[in-house]
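As structure tokens, the structure follows; a few thoughts come after it.
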There are 2 protein chains.
Amino acid sequence: MIKNDIALTIENNSELNRAKSLLMVETILNALKKSLSEDEKIEIRGFASLRVVSKKTGYGRDIRRKKQIKIKQGKRIKFRPGQDLKNLSS
Amino acid sequence: MIKNDIALTIENNSELNRAKSLLMVETILNALKKSLSEDEKIEIRGFASLRVVSKKTGYGRDIRRKKQIKIKQGKRIKFRPGQDLKNLSS
DNA sequence: GAGAGCAATATCGTTCTTGATCATGTCCTT
DNA sequence: AAGGACATGATCAAGAACGATATTGCTCTC
């Protein structure tokens with residue numbers, strides 16, 4: 001399933017046309033991104049929760065040269081499946 | 001950010017009222033769940049991708065009794081942040 | 001439909017998640 | 001506003017993911 005399919009789902013279940021549906025998908029995604037960028041957690045009961053956690057790993061590996069390389073510290077997005085997703089994937 | 005906030009985002013960016021917006025969120029989530037339950041992968045460029053992978057770990061741990069316990073094999077949902085999410089969390 | 005733009009893959013050592021479960025905290029519905 | 005429902009945290013060890021990068025393959029845009 002790709003982004004267009006999601007827009008199609010919106011189109012089929014609302015009074016919005018295709019273009020507006022696609023715009024709607026973008027709007028929602030941007031809202032989610034913004035929420036995460038502001039260090040908020042996203043919690044969608046029954047589906048999943050997303051949260052930003054800090055990375056601790058400070059190394060990596062250069063495959064070609066086969067040696068360790070330094071990695072800049074940063075953050076990571078943690079995804080936790082909710083109850084419904086756990087059921088379908090158990 | 002929680003589910004109601006997402007519905008609010010829809011309400012503010014479409015001709016849908018609150019109830020329809022909430023219904024829209026459920027519709028989309030159900031489409032995503034169904035997609036995953038059918039072993040499809042979800043790929044939203046610039047945001048993230050979700051895919052179902054089979055679990056390999058076959059053990060667990062009972063904290064109270066402090067001993068290993070068997071775990072039934074099943075599936076797991078893997079989340080991979082897309083470019084935009086990587087940027088905001090780097 | 002073609003070209004451009006991301007995602008997928010392989011690699012390997014260290015860090016981190018997975019898994020069950022109860023208690024607690026947070027959210028949603030009545 | 002309160003109660004019911006669901007997420008969170010703690011716990012431990014072993015197996016899996018993470019990280020960079022270039023190439024390949026799929027997706028999106030025009």
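The values are calculated or read from the model by the stated rules, or taken from the named source; none is laboratory data. Everything quoted here is computed from the prediction, not taken from an experiment. Backbone-built Cβ (ideal geometry, glycine too); neighbour counts: all protein chains shown. Quick note on the areas: whole protein, heavy atoms, side chains included, nothing else; ligands and nucleic acids left out. Shrake-Rupley method; radii C 1.70, N 1.55, O 1.52, S 1.80 Å.
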For this session: Look through region B:1-22, keep the residues that are buried (at least 16 other Cβ atoms within 10 Å of the Cβ) and among the small types (G, A, S), and return whichever of them is nearest to the chain's Cα centre (by Cα).
Result: B:A7
For this session: Could you please let me know if B:M1 is more than 16 Å from A:N13 (Cα to Cα) and within 9 Å of another protein chain (Cβ to nearest Cβ)?
Result: yes
For this session: Go through the residues of region B:67-78 one by one and say whether even a single one is out of contact with any Lys or Arg (no Cβ under 8 Å at 6 or more places or on another chain), of a type in the set (G, A, S) and near DNA strand C (Cβ under 8 Å from one of its atoms).
Result: no
For this session: Scan region A:48-87 residue by residue and report those that are among the hydrophobic types (A, V, I, L, M, F, W, C) and touching a strand residue (DSSP E or B) at 6+ places or on another chain (Cβ under 8 Å).
Result: A:A48, A:L50, A:V52, A:V53, A:I69, A:I71, A:I77, A:F79, A:L85
Problem set entry | Among (1) closer than 19 Å to B:I6 by Cα; (2) more than 8 Å from every other protein chain (Cβ to nearest Cβ), the one test that A:E15 misses | (2)
Exercise. Taking region A:29-79 only, how many residues are more than 21 Å from A:K3 (Cα to Cα), more than 7 Å from chain B (Cβ to nearest Cβ), open to solvent by 100 Å² or more (accessible area, probe 1.4 Å) and within 16 Å of the chain's Cα centre (by Cα)?
Worked result: 2
For this session: Examine region A:3-11 for a residue that is of a type in the set (V, I, T) and either farther than 29 Å from B:K75 by Cβ or in contact (Cβ under 8 Å) with a residue 24 or more places away in the chain (or both), and state whether such a residue exists.
Result: no
Exercise. Taking A:L85, is it open to solvent by less than 30 Å² (accessible area, probe 1.4 Å), within 7 Å of another protein chain (Cβ to nearest Cβ), among the aliphatic types (A, V, I, L, M) and assigned to a loop (DSSP other than H, G, I, E, B)?
Worked result: no
